[in-house]
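Q: Have a look at the structure that comes next, please.
The values are calculated or read from the model by the stated rules, or taken from the named source; none is laboratory data. All of these numbers come straight from a predicted model, not from anything done at the bench. Backbone-built Cβ (ideal geometry, glycine too); neighbour counts: all protein chains shown.
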Ligand SMILES: [Zn+2]
């Protein structure tokens, strides 16, 4: 990608990140993400455009509402910057120019939609322990549509969705029988179905493996830091998000490496 394309991608990521912040704040409450326009959650003052510029407005206002001075969460600029960063990574890993290479524009669009959904799900699960249906259902449909017009193909996408949902439902049922508790919510089941729809069934196994590795590292880290015990409830959607992002960026090399170590 050229420097101009990468710059455009970064600015686009900041704008999408700003929209993701609205989704993260409103979807768990069941509020429309379209209307009303953004307003301060404390005093209700509607934001004018200069208070709504990604990252810069937050910095200019020093993280406070212009009207009532109540603090604005750091989450806003962090999500905007993270989205821009992930978009840049996706563009860089894809290689080539999406404007001039056949099929690359579609591949990039698929990766950006997938990344945006994963970021929104990650932060929402972290803040509320919920994975809103509008995100997972939209993602499931988008994954199938992108696969149908892309190289993955609709059947591998549908099998991916079924394997993703099936594996987690089986684990959930097993846990219920053994321990009498719900190990995970149905949101996690729908989320792995969405991931399978985008990446195909082979990568579902990679995502499951990676998510348990990430979860174990975080769980042990928290226990060591004295901020939780091994029984502390952790939002599994966060680990699924991180694992799916890694898989979408480096999935094939990881699978090749893993299979290589088995055949030695
Ligand atoms: Zn205010």
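Q: Looking only at the range 33-62, count every residue that is in contact with a helix residue (DSSP H, G or I) (Cβ under 7 Å, 6 or more places away or on another chain) and closer than 23 Å to residue 130 by Cα and tell me the total.
A: Result for the range 33-62: 2.
Q: Taking only pairs six or more apart or across chains, which ones have beta-carbon atoms under 9 Å, a first residue in the range 54-71 that is outside the structural domain of residue 12 (by TED's automatic domain parsing) and at pLDDT 95 or above, and a second residue that is assigned to a loop (DSSP other than H, G, I, E, B) and within 14 Å of the ligand (Cβ to nearest atom)?
A: none
Q: Let me ask you something else. Output the residue which, of all residues in the range 22-54 that are outside any loop (DSSP other than H, G, I, E, B) and away from the ligand (no atom under 16 Å from the Cβ), is nearest to residue 122 (Cα to Cα).
A: 24
Q: Mind checking which residues of the range 141-153 are on the phi < 0 side of the Ramachandran plot and surrounded by fewer than 23 Cβ atoms within 10 Å (Cβ to Cβ)?
A: So the first thing to find is which residues in the range 141-153 are on the phi < 0 side of the Ramachandran plot, and the list is 141-152.
Residues satisfying the conditions are 141, 142, 144, 145, 146, 148, 149, 150, 151, 152.
Q: With respect to residue 211, is the statement that it is buried (at least 23 other Cβ atoms within 10 Å of the Cβ) and modelled with pLDDT under 95 true?
A: On the way: buried (at least 23 other Cβ atoms within 10 Å of the Cβ): yes; modelled with pLDDT under 95: yes.
Spelling it out, residue 211 is indeed buried (at least 23 other Cβ atoms within 10 Å of the Cβ) and modelled with pLDDT under 95.
Q: Among (1) in contact with a helix residue (DSSP H, G or I) (Cβ under 6 Å, 6 or more places away or on another chain); (2) in the same structural domain as residue 218 (by TED's automatic domain parsing); (3) in contact (Cβ under 8 Å) with a residue 40 or more places away in the chain, there is one condition residue 148 misses while meeting the rest; what is its number?
A: (3)
Q: Name the pairs: first residue in the range 22-45 and more than 19 Å from residue 75 (Cβ to Cβ), second residue part of a strand (DSSP E or B) and within 16 Å of the ligand (Cβ to nearest atom), Cβ to Cβ under 8 Å, at least 6 apart or on different chains?
A: Close Cβ pairs (under 8 Å, with a partner that is part of a strand (DSSP E or B) and within 16 Å of the ligand (Cβ to nearest atom)) amount to 36/46; 37/46; 45/39.
Q: In the range 72-111, what count of residues is obtained for those that are within 16 Å of the ligand (Cβ to nearest atom) and either modelled with pLDDT under 90 or more than 20 Å from residue 12 (Cβ to Cβ) (or both)? I'd like the intermediate steps shown before the answer.
A: Of all residues in the range 72-111, those within 16 Å of the ligand (Cβ to nearest atom) come to 72-73, 76.
Next, only the ones that are either modelled with pLDDT under 90 or more than 20 Å from residue 12 (Cβ to Cβ) (or both) stay: 72-73.
Here the count works out to 2.
Q: Same structure, new question: Given the conditions (1) away from the ligand (no atom under 16 Å from the Cβ); (2) assigned to a helix (DSSP H, G or I); (3) closer than 16 Å to residue 17 by Cα, report the number of the one that residue 58 does not fulfil.
A: With respect to (1) away from the ligand (no atom under 16 Å from the Cβ); (2) assigned to a helix (DSSP H, G or I); (3) closer than 16 Å to residue 17 by Cα, residue 58 is out only on (1).
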